[in-house]
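To start, the structure itself, in structure tokens.
The values are calculated or read from the model by the stated rules, or taken from the named source; none is laboratory data. Model, not experiment: these values are computed from the prediction. Cβ atoms come from the backbone with ideal geometry, glycine included; neighbour counts cover every protein chain shown. Please note that ligands, DNA and RNA were not included when accessible areas were found on the heavy atoms of the full protein model with its side chains. Shrake-Rupley method; radii C 1.70, N 1.55, O 1.52, S 1.80 Å.
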Amino acid sequence: MSCRLRLLVLAVFLLPVLGAASLPATPNTDDPALEARLNHLAEDLRCVVCQNESLAESRASLALDLREEIREMMRAGLTDDAVVESLVARYGDFVLYRPPVKPLTYVLWGGPLAFLLIGIALALATLHRRRTLRPQADVSPEALREAARLLRSDHSRHPGSPIASGTASRLSHQEER
């Protein structure tokens, strides 16, 4: 089978799958107010599987189950705060996108500031060290003559080398001064 024919067969079989994946999620309830409340609450909750997506965005099976569980809690009459407390009791503050500031979360809230301050301190220390560096002592004339001699000998072995010839002429020029 040719490559083009294989691609055509693959495309024919994948089109229905790709089309279904791009459909928007449909509400699982007939109550639009409950669904709006669920979506608002799920935006502030983190998917415990995906970790970088909200519960509303995630398509993980656990996220789907959690959303259904939240629907059931809301149908049972629990308030948003009671639902959040229930999830925090089960998964901890990790399930919240904005966890409360308390001793357990000080590192979470203060970590970015600490890293910023450490970066500024390192940058200032580096700048201070660069300003206080003493220039190296001048090279002795004997060392310059030896370097020029080595470069000339290298140039005689490799006559077309622009680096060796340019450096040797500069060193010879410095030698003459």
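Being among the aromatic types (Phe, Trp, Tyr) and in contact (Cβ under 8 Å) with a residue 12 or more places away in the chain is the filter here; which residues of segment 86-132 pass it? TYR91, PHE94, TYR97, listed by residue number.
Rundown of residues vs (1) among the aromatic types (Phe, Trp, Tyr); (2) open to solvent by less than 100 Å² (accessible area, probe 1.4 Å); (3) farther than 17 Å from SER54 by Cα, yes/no style:
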| residue | (1), (2), (3) |
| --- | --- |
| LEU87 | no, yes, no |
| TYR106 | yes, no, yes |
| ARG130 | no, no, yes |
| ARG134 | no, no, yes |
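For segment 74-85, the criterion of a residue being more than 21 Å from PRO99 (Cβ to Cβ), of a type in the set (D, E, K, R) and either surrounded by 13 or more Cβ atoms within 10 Å (Cβ to Cβ) or in contact (Cβ under 8 Å) with a residue 60 or more places away in the chain (or both) is satisfied by no position. Considering each residue of segment 34-54, count those that are open to solvent by less than 40 Å² (accessible area, probe 1.4 Å) and part of a helix (DSSP H, G or I), and give that number. Qualifying residue count, segment 34-54: 5. Within segment 55-73, the set of residues being open to solvent by less than 40 Å² (accessible area, probe 1.4 Å) and among the charged types (D, E, K, R) comprises ARG67, ARG71.
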